[in-house]
Each structure stands twice: as C-alpha cells, then as structure tokens.
Amino acid sequence: MAVKDRDRFSTATRIRLLGEQTAARVYRSQTRRQARRSRLTGRAAFLALVVCSLVVALAYPMRQYVSQQGEIDDQQRRSAEAAQRVEELRDEKARLQDPAYVRRLAREHLHYLMPGETGFTVNDPDAEHRPRTDQGATDRPWYDNLWDGVDSADRH
C-alpha cells in the first residue's frame, strides 16, 4: 500500500504542480497582454497627439496657400484680360491710321459729307405716335432745365 499511496500522492502532487504551473503561465500571459495593451494604448495616444498637432500646425498655412492660389489665378485672369484689351487697342490704333477708316467713321457717327455730296434727312413717320420722354422740358424756361441738369449731375 505504501507504493500505491506514493504513486497516488505523486500523481496528485503532479497534477497540483501542473495546475499551478498552468495558472502561473496564464497569469504571466495575461500580465504581458495587459502590459502590451497599455503600451499600445500609449503609443496610439502619442500618435494621435502627433497627428492632431500636425493638423493644427498645418491648417493655417494650408488655408493661406489655397487663398493665395485663388488670388494668383484671379490676377492671372485679369492680366490676360488686360493683355487682350491692349491688343484690341493696338488694332484700333492701327485702323485709325487709315484715312479711309477715319472718313467712314466721320460719315457714320458725325454725319459728315464729302464735297459735292448732298445730304438728306429722313423723317420717321411713326415718330409722332411714339411718346417723348422729355416732354416736360419744353414747357419750362431754359434756365430751369439748366439747373435741373446741374442738380441731376450732382446726384450721380
């Protein structure tokens, strides 16, 4: 019986030792896992802090950059319009150097005639049926019309 008790005791002791060893391993792995988690959480917090700092630090310069790019585009558009207007004015200047073009403008806008030509004025038959906009000005003396013109020029 002594051999049997010793085997039983030794088996129970072995099982108990195995249980303790297993419990110790489980405890160590949980402790490591918790340590890993806390280390990972600290890293994540630091990474989040760095990312937020970069976002805050770069937000204003990026806004300025975008705003300045918009201004640059606007100035380039204005410059292109001005260059186009300069080109149009150069073309007009070149046309005004031509005497035939100047004569044509004088005929159209100033109603000039060449020597020997006869000018005609054509009355519009529908003019008497159209209402006049300055009807009240003819009923008053000329100096009232003059002062009204000065007053309206001051208002604008």
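The values are calculated or read from the model by the stated rules, or taken from the named source; none is laboratory data. Small disclaimer: the values here were computed from a predicted structure and weren't measured. As a convention, Cβ positions derive from the backbone with ideal geometry for all residues, glycine included, and neighbour counts pool all protein chains shown. Surface accessibility is based on the protein's heavy atoms, side chains included, excluding ligands, DNA and RNA. Shrake-Rupley method; radii C 1.70, N 1.55, O 1.52, S 1.80 Å.
Brief remarks on what is shown
- When the stretch 98-114 is filtered for residues that are exposed (fewer than 10 other Cβ atoms within 10 Å of the Cβ) and either at pLDDT 95 or above or assigned to a helix (DSSP H, G or I) (or both), the ones remaining, listed by number, are 99, 100, 108, 109, 110.
- Among the residues of this structure, residue 127 does not count as one that is modelled with pLDDT of 90 or more and of a type in the set (A, V, I, L, M, F, W, C).
- Within the stretch 141-156, the set of residues being outside any helix (DSSP H, G or I) and modelled with pLDDT under 80 comprises 156 only.
- Test: residue in the stretch 34-54 that is at pLDDT below 90, among the aromatic types (Phe, Trp, Tyr), in a helix (DSSP H, G or I) and open to solvent by 90 Å² or more (accessible area, probe 1.4 Å): yes
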